[in-house]
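Worksheet: one structure, shown below.
Coordinate-derived values only; no laboratory data. Since the model is a prediction, treat every value here as computed from it, not as a measurement. Using ideal geometry, Cβ is built from the backbone for each residue, glycine included, and neighbour counts are taken over all protein chains shown.
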Amino acid sequence: MSENNFGYKRLDRTLIHHGAIIDVYQDTMQIPNGNTAKWDFIGHKGAAAVVAVRDDGKLVMVKQYRNALERVTLEIPAGGRDGAEEPFLECAHRELEEETGYTCKKEDMQFLISVYTTVAFCNERIDIFLAEHLTPSRQHLDEDEYLNVVACDLDELLELIYAGKMQDAKTVAAILAYQNLLQQRGR
């Protein structure tokens, strides 16, 4: 039994649905006891997100409707890569301006954390960056994208997380990573 896969082996992967954002597959897996099992797998090209901090210390957040939850959520700005080859930093820089109407120099963006959103059945990876020294620009929303930009204090966001009112995984991970970075900086 290999340390890397505990004796699991993919025998087949069949594309069930090719979508604009994801591809859905059914994998035929050989499991450690020799039996086979059918597992769902969702392939994703990856995404980038941004903890955007204004000079006054407020974090730039977006409120948007999420169909899967059937409600509006408060999130950090984020979006999918244009393709699997697009660097995560390029995507983050683009999404910051598109969604929030703010921009910054790429050298003012710092890698913060990387998360896999749902490891049981999806390979979506989101690299999260910290953007500081923001300058106003203008939004470039997609045709089907409607969102409101709001500025929030870190303490307000932490309260939402610990009250169970903010549940978006990338946003929770990003806010906590940012808080940790501030503690490391001595703030």
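Of note:
- Angle between the chain longest axis and helix 88-100 axis [Cα atoms, degrees, rounded to 10]: 50
- Dipole-positive endmost among Leu181, Thr135, Val50 within the chain (Cβ charges, Cα centre): Leu181
- CD proxy at 222 nm, helix term only [per DSSP H run n ≥ 4: -39500 (n - 2.57); per residue of the chain; nearest 500]: -6500 deg cm²/dmol
- Dipole magnitude for the chain: computed about the Cα centre from +1 point charges on Lys and Arg Cβ and -1 point charges on Asp and Glu Cβ, it is near 520 debye.
- Computed on the stretch 104-187, with alpha-carbon pairs under 8 angstrom and 6+ residues apart, the relative contact order is 29 percent.
- Count Lys and Arg as plus one, Asp and Glu as minus one, and take only other residues whose Cβ is under 12 Å from that of Thr28; the net charge is then +1.
- Degrees separating the helix 169-184 axis from the principal Cα axis of the chain, which is the longest one: 60
- Electrostatic dipole magnitude of the stretch 78-174 [Cβ: Lys, Arg +1; Asp, Glu -1; Cα centre; debye, to 20]: 240
- Residue among Met61, Met109, Met166 with the largest mean-square fluctuation in a Gaussian network model of the chain, springs linking Cα atoms under 10 Å: Met166
- Tensor-based shape of the stretch 47-184 (alpha-carbon gyration tensor, a/c under 1.5 rounded, otherwise prolate or oblate): rounded
- For Thr117, distant residues with modelled amide H under 5 Å away: Glu124, Ile126
- With contacts taken as Cα pairs under 8 Å and at least 6 residues apart, the chain reaches a relative contact order of 21 percent.
- As a proxy for reagent exposure, Thr103, Thr28, Thr73, Thr36 were ordered by neighbouring Cβ count within 10 angstrom, fewest first; the result is Thr36, Thr28, Thr73, Thr103.
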